[in-house]
Amino acid sequence: MHDKNLIHRDIKPENMIVQHRANDSDLPEIKVIDFGTSRVLLKNDNTLSQKVGTIGYMAPEVLEKNSYMRWHQEKEKNVREYM
């Protein structure tokens with residue numbers, strides 16, 4: 001989703017469907033649903049500040065910071081470099 005600049009903003013168990021694959025693979029297919037709070041980021045858009053989603057599943061940086069997109073981009077960059 002992120003490679004398409006789509007941010008879901010309400011990831012939680014209730015917004016996921018787990019299905020068994022038709023080829024009897026050991027790994028199930030996981031589909032994310034309910035994109036009502038999602039947002040497509042524009043090229044110039046580098047900040048998100050609204051506290052959107054289900055509070056019990058919100059990341060701490062969303063609850064604590066005024067702008068959390070820059071933090072997320074740095075974290076994602078660090079994960080990519082680690083891999």
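Brief remarks follow.
- Contacts under 7 angstrom Cβ, first residue in the stretch 1-26 being free of Cβ contacts under 8 Å to residues at least 40 places away in the same chain and under 19 Å from Tyr57 (Cα atoms), partner among the acidic types (Asp, Glu) and surrounded by 11 or more Cβ atoms within 10 Å (Cβ to Cβ), 6 or more apart: Asn15/Asp34
- Search result, residues across the stretch 7-31 that are surrounded by 14 or more Cβ atoms within 10 Å (Cβ to Cβ) and assigned to a strand (DSSP E or B): Ile7
Here, each number is a calculation from the coordinates, and none is a lab measurement. Predicted model only: the values in this text are computed from it and were never measured. A quick note on method: Cβ atoms are made from the backbone with ideal geometry, for glycine too, and the neighbour counts reach across all protein chains shown.
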